1. In region A:250-267, what residues are more than 9 Å from chain B (Cβ to nearest Cβ) and either surrounded by 19 or more Cβ atoms within 10 Å (Cβ to Cβ) or within 30 Å of A:V228 (Cβ to Cβ) (or both)?
2. Which residue out of A:E326, A:E288 is touching a Lys or Arg at 6+ places or on another chain (Cβ under 8 Å), farther than 30 Å from B:L269 by Cβ and not β-branched (V, I, T)?
3. Could you tell me which residue of region A:110-145 is surrounded by the fewest Cβ atoms within 10 Å (Cβ to Cβ), considering only residues that are under 30 Å from A:F361 (Cα atoms) and within 13 Å of the chain's Cα centre (by Cα)?
4. Which residues, taken from region A:113-147, are over 19 Å from A:I379 (Cα atoms) and touching an Asp or Glu at 6+ places or on another chain (Cβ under 9 Å)?
5. So, in region A:206-245, exactly how many residues are buried (at least 19 other Cβ atoms within 10 Å of the Cβ), closer than 30 Å to B:T209 by Cβ and more than 7 Å from every other protein chain (Cβ to nearest Cβ)?
6. Mind listing whichever residues of region B:43-67 are touching a residue at least 60 places away in the same chain (Cβ under 8 Å) and hydrophobic (A, V, I, L, M, F, W, C)?
7. Starting from region B:219-230, keep only residues that are free of Cβ contacts under 8 Å to residues at least 24 places away in the same chain, then list their pairs with residues that are crowded, with 21+ Cβ neighbours inside 10 Å whose Cβ atoms are within a distance under 7 Å, requiring at least 6 positions of separation or different chains.
8. Being surrounded by 14 or more Cβ atoms within 10 Å (Cβ to Cβ) and in contact (Cβ under 8 Å) with a residue 24 or more places away in the chain is the filter here; which residues of region A:49-63 pass it?
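The values are calculated or read from the model by the stated rules, or taken from the named source; none is laboratory data. These numbers were taken from a predicted model, which means no experiment stands behind them. Neighbour counts run over all protein chains shown; Cβ positions are idealised from the backbone, glycine included.
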Amino acid sequence: MTKPAASAPSLSVAASLSKPQSATLEELEEEEQEDKFDINISITNPEKIGDGMNAYMAYKVSTQTTLPMFRSKAFTVRRRFSDFLGLYEKLSEKHGPNGYIVPPPPEKSILGMTKVKVGKEDPSSAEFVERRRAALERYLQRVVCHPSLLQDPDVREFLERDELPRAVNTQALSGAGFLKMINKATDAVSKMTIKMNESDVWFEEKLQEVESADQQFRKIHGLVDSLVGHRKELSLNTAGFAKSVAMLGSSEDNTALSRALSQLAEVEDKMEQLHQEQASNDSFCFAELLADYIRLLGAVRGSFDQRMKAWQRWQDAQSMLQKKRETEAKLLWANKPDKLQLAKDEITEWEAKVTQYERDFDRVSATVRKEVLRFEVLIYFFFKTLVAFTLLIKYWEAFLPEAKAIA
Amino acid sequence: MTSALDESDKEKTRSVSVDLNNDASLLIDIPDALCERDKVKFTVHTKTTLSAFQKPEFSVPRQHEDFIWLHDTLVETEDYAGLIIPPAPPKPDFESPREKMHKLGEGEATMTKEEYNKMKQELEAEYLAVFKKTVQVHEIFLQRLSSHAILSKDRNFQIFLEYDQDLSVRRKNAKEMFGGFFKNMVKTADEVIISGIKEVDDFFEQEKTFLLDYYSKIKDSTAKAEKMTRSHKNVADDYIHISATLNTLSADDSTKVEGRVASDQELKLTELLRYYMRDIQAAKDLLYRRARALADYEHSNKALDKARLKSKDVPQAEEHQQQCLQKFDKLSESGKRELTSFKGRRVVAFRKNLIEMAELEIKHAKNNVTLLQGCIDLLKSN
């Protein structure tokens, strides 16, 4: 296992858009090369199966790969939303406690799905299905790009097996349950009173960076939502204005002016349509991506929590060992030979546990550390998208005051 | 806050009317204005070669209420019944920016320093824009009067320009204001009756139909344009917040987004539409006065017939009928003149405004192409 570089790339507010240290970047790229990532997932053809409240959407999951572990180079299966949730549950149960950052699935939406079930053929339900399809695709891509998770047989089964047993107990994975779990991470860190060594300082700093990034992302997400809403409103109002100017033009008795006004109305309408499409698509995709990363940050906090749990287990074992030793001492003094033997056995047992849990903790710490570094590379690329978005904003901002001054 | 507006600025912003203030015999402008809380004090500056005035050049301070007084006295002058009285300038309205400023103050704690500063700059620009607009609209009112052959000679107008003390003594007191309000109420009721009167003149019949229809359409367009402006403002505010937040995440200066202070120049077309909406209302008022004169004339005819039947008071009735006829004829004649020149004025102003708009759009689109190209290059280089 490669050791991470001494000063790692940072999630911090101050340095987020700087490139991660090239050493780490190279290492991780190397690793990816070794694992020979050549797998591509696409999710298409959402299809409504059944009717009424028991209806569901089935999605086509197509895999293209050169990896030898799969049965062929290209294959397709059909999956429903609860199947994805079931996959997440299995992966998080198995790998979460080891400190892995298991990518979270898209959120459940009762309202969205009800509309689809009831059969409302309106643009908002089509929009909802499309959003979900895209989110599921991104989710699966993240799963298969994780070198350790890809090895999991459940993942292979999910991609390959024709019929998957229905996943139950996916209620726990709704938004509220997930949120509760990740909030424990912050509590756990605050309980950690003993600073063991400087590596813990590293973890504490990282957690703070994660929290700060989370805060900022949520704020931007709210702002982008507001922007999308206002842009829709603007588009409606401009359409209304264009119509009104057209009416004015038709009532104008000077023919040249009448023509000019009608043309103005047409141009305004066309321009706004163009801008609305473009701008709303961009901000919309950006909002979705932001939501993904907010959820991912939650998963990162979850892995910190797991490390704390491992530490706690180790500490508890140490206290238990201490108690057993005190018991032995008392028994020696009280001179009870048969109980003494039991005590000695227990001491041996707990010594072994302490060693085991210490090893576990080190292992989990190392995994979390590696995962965080890997995540920082991901975030770096996400920030590039942020840069693109900020430049787009510059363009839009530039347009508006001019439009205001002239129109 | 004071504002000395330079000539080029005024030329650019004033596009609702053209060919004003060209006659050197009477030149009026508002070079300066002071904003104190709610009240705006305008400095009205006059340069004249007319002997009617005591000095060739002078300035007086005036408040918005003084302009309203001048407008109302002109409207109530019988002799001007056949003229389109330029619409009164609307009251300076700082409500919107003031409210926003208040909200900004409350929300200061939740924003980053940069965000707060940007929003503050935005608001200050909005304040300034409202201020400039109100000065402009008051100035145009006076200039319309000064370029009108008959109205420029009005005694009250001259007092307004010259009288170097507070005009409030001459302004409407509460009772009179009430009287004005009541008169407006009666007018609306009369309008309904008037529209039923059969028009004798084709020209006026056409004008009436056209103006009524055009008025309702331009009123609608103005309202929709205002709605659109508000949406624009909302979107611009969102951009400011987003770019400020993204800036705090960025350590690398090259990716910092420049805070564009969206100068809150309101839609020029909105201004144009709003101005002509009020102007058309003034033209409608003229039609109304003429229609009332026609109604009076018809009543006087009926009264004359009745008098002849009863053989009582015939000479008075005849005289009254003559007066009504004269008044009606006078109104019709000057009304025709006024409405024709109004039409020409309107078309010219629209034309100028639309041309300016198209030119700016083209310039702007070219800028955008450059900006987008820059974005593409930057992303490719990364």
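1. A:A265, A:E266
2. Selected residue: A:E288, the only one of A:E326, A:E288 that is touching a Lys or Arg at 6+ places or on another chain (Cβ under 8 Å), farther than 30 Å from B:L269 by Cβ and not β-branched (V, I, T).
3. Applying the filter and picking the extreme gives A:Q141.
4. A:K115, A:K117, A:G119, A:R131, A:A134
5. Within region A:206-245, residues that are buried (at least 19 other Cβ atoms within 10 Å of the Cβ), closer than 30 Å to B:T209 by Cβ and more than 7 Å from every other protein chain (Cβ to nearest Cβ) number 1.
6. B:V44, B:A52, B:F53, B:F58, B:V60, B:F67
7. As it stands, the answer is B:D220/A:S244; B:K224/A:F241; B:K224/A:S244, since those pairs meet every condition given.
8. The answer is A:A55, A:Y56, A:M57, A:Y59, A:V61, A:T63.
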